[in-house]
Amino acid sequence: MPPAYLAGKIDSPGGEESFDVKVSHRSSTLQANEDYTTLEMLCAGLARIRLDHQRVQDGTPLQSTTQDGPALPQAWRAARRRLWWMGRVAGLNWPRNDLNLFAHCRVPLSTWPVGLSLAEGDLTAVLLDGDELSEFAEEAAALAGHADVEAELVQNQTFRALVTCAQRNGTSEREVPRNYVRLRRLLIAEPVLSDRRVLALARIFPAAEASGELFIRQFLGTAYTFRPEPGKVRLAVCQGCGNPADGAVGNCPTPGCTGPTGTQTFETLDGYWLQHRATRRFFHDPGLVETRILDRLAELPPSAVEVEAWPLLDAWDSAVTFVPSAPGHPVERWVIDAKDCASPTQLARGFSSDARIMARRRIIVLPMHRDKVPGYRTDLVRELDGRVSGIEVLNEEEFVRQVTRRALQVVAR
Ligand SMILES: [Zn+2]
């Protein structure tokens, strides 16, 4: 029997945000990748449910308790949502609820109504063996291992797919970083893509796997989810950051954005691609300050300053090199990371200074909306102290001012 508290916790998947309406538009490689991701999430959820169940038996308070009783783990709910969308695309109403899905955890994966794209050997696996996680489920859960499992997986997979696409479409040492910058900027500039736009991108990035599948399709299929809607699609989007407005009234919820809501029309063949929430969270939103700075740096004379965006495929956000006016003058380089984080403490805890690039100054650049928060910079500097050395903190205006001043000195030299 499933833990008793599972009964009665049935919400409507349709009422929640949906991410994955792209089954018929995915290649088999991508499909398999996605299906393994779904199972990893589901198993991470099962592992958590089992842990909570043990705690109930031991009399230990549950961490995930809500007013209505124990909440199902986020990973389980995310996986169930993904399966429900797969079912919907296949014309099924499955899984109908949590108990229904729980029952399927006890039967071989090959019998699941949505037809999972898995290796043949894995199709015979069950997820629950009696009340215990099966070996397969244990291994899948171990691969997940993060509170927001889905977001972490999408973030890592998007980054890997981006790098692969950049590398496989580049034949020289100069082309690969150029591709990387172009694809990275795409994630920041275009949170929504029509399928016509995707076709145009496929012409720019034509490299394909031996199976014929384009690397750009794999990248976009990981970072975005497909929404079927042929013809003309009108979406409410923020005119500041480009994120879909999602029916939000008033201020744009993107940190630091004050853009008004407008509408954008997309001409589609079959539908459009919408950024996955993890792509938005890890690439698009923090990328806004990164591109703002890059655009300001691009205004400086190239005779004085060379700017490299995301050098060494993202060791830093930018490397700024002041061109020596005469041979023999030492090269001066600054590297920066623009960081748009809500918590300065967590920013510092997660920050590492990549030493592969030689630089005179290493700078964390804060967007203005973070630097304006009282105590933010003090907390950041305090938390950085002792963790990393030689890191300066500036806001984006201060940084651009200092680069400009230094560039003028170089030109005048
Ligand atoms: Zn906005």
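What follows is calculated from the coordinates using simple rules that are stated; it is not laboratory data. All values reported here derive from a predicted model rather than from experimental measurement. A quick note on method: Cβ atoms are made from the backbone with ideal geometry, for glycine too, and the neighbour counts reach across all protein chains shown.
Fewest Cβ neighbours within 10 Å first, please rank 104, 369 accordingly.
Values: 104 21, 369 16.
Ordered by Cβ neighbours within 10 Å, fewest first: 369, 104.
Could you give P(r) for region 152-282, binned at 10 Å from zero, as whole percent values over all Cα-Cα pairs?
13, 39, 34, 12, 2
Got a sec? Charge dipole of the chain, +1 on Cβ for Lys and Arg, -1 for Asp and Glu; which of 86, 374, 33 is way out at the positive end?
Positive-most Cα among the choices belongs to 374.
Pairs of Cα atoms under 8 Å, at least six residues apart: use those to get the relative contact order of region 298-412, whole percent.
25 percent
In nm, give the distance between the simple-model label positions of residue 361 and residue 119, each being 7 Å from the Cα along the Cα-to-Cβ direction.
Distance between label points: 5.1 nm.
With n ≥ 4 as the cut-off for DSSP H runs, can you work out [θ] at 222 nm for the chain, using -39500 (n - 2.57) per run divided by the number of residues, rounded to the nearest 500? The partial results should precede the final answer.
Values: 15 runs with 176 residues, N = 413.
So the calculated ellipticity at 222 nm is -13000 deg cm²/dmol.
Where the only charges are on Cβ atoms (+1 Lys, Arg; -1 Asp, Glu), what is the dipole of the chain about its Cα centre, to the nearest 20 debye?
That gives the chain a dipole magnitude of about 1300 debye.
Which is the longest run of the chain containing none of the GluC sites (Glu not before Pro) found in DSSP loop states (not H, G, I, E, B) with at most 10 other C-beta atoms within 10 Å?
Working: sites that count: 17, 173, 299.
With GluC sites (Glu not before Pro) excluded where exposed in loops, the chain gives 18-172 as its longest stretch.
How large is the Kirkwood hydrodynamic radius of region 298-412, counting all unique pairs of alpha carbons, in Å?
Details: mean 1/r = 0.0670 Å⁻¹.
14.9 Å is the Kirkwood radius here.
For a quick check: sort 86, 368, 358 by the number of other beta carbons within 10 angstrom, fewest at the front. Spell out each step's value before the answer.
Numbers: 86 24, 368 13, 358 9.
Fewest to most other Cβ atoms nearby, the residues stand as 358, 368, 86.
How high is the relative contact order of the chain, in percent, counting Cα pairs under 8 Å that sit 6 or more residues apart?
12 percent
Springs between alpha-carbon atoms under 10 Å, Gaussian network over the chain: tell me which of 42, 288, 51 tops the mean-square fluctuations.
Highest fluctuation among the options: 51.
How far, in degrees from 0 to 90, does helix 149-168 lean away from the longest principal axis of the Cα atoms of the chain, to the nearest 10?
50 degrees
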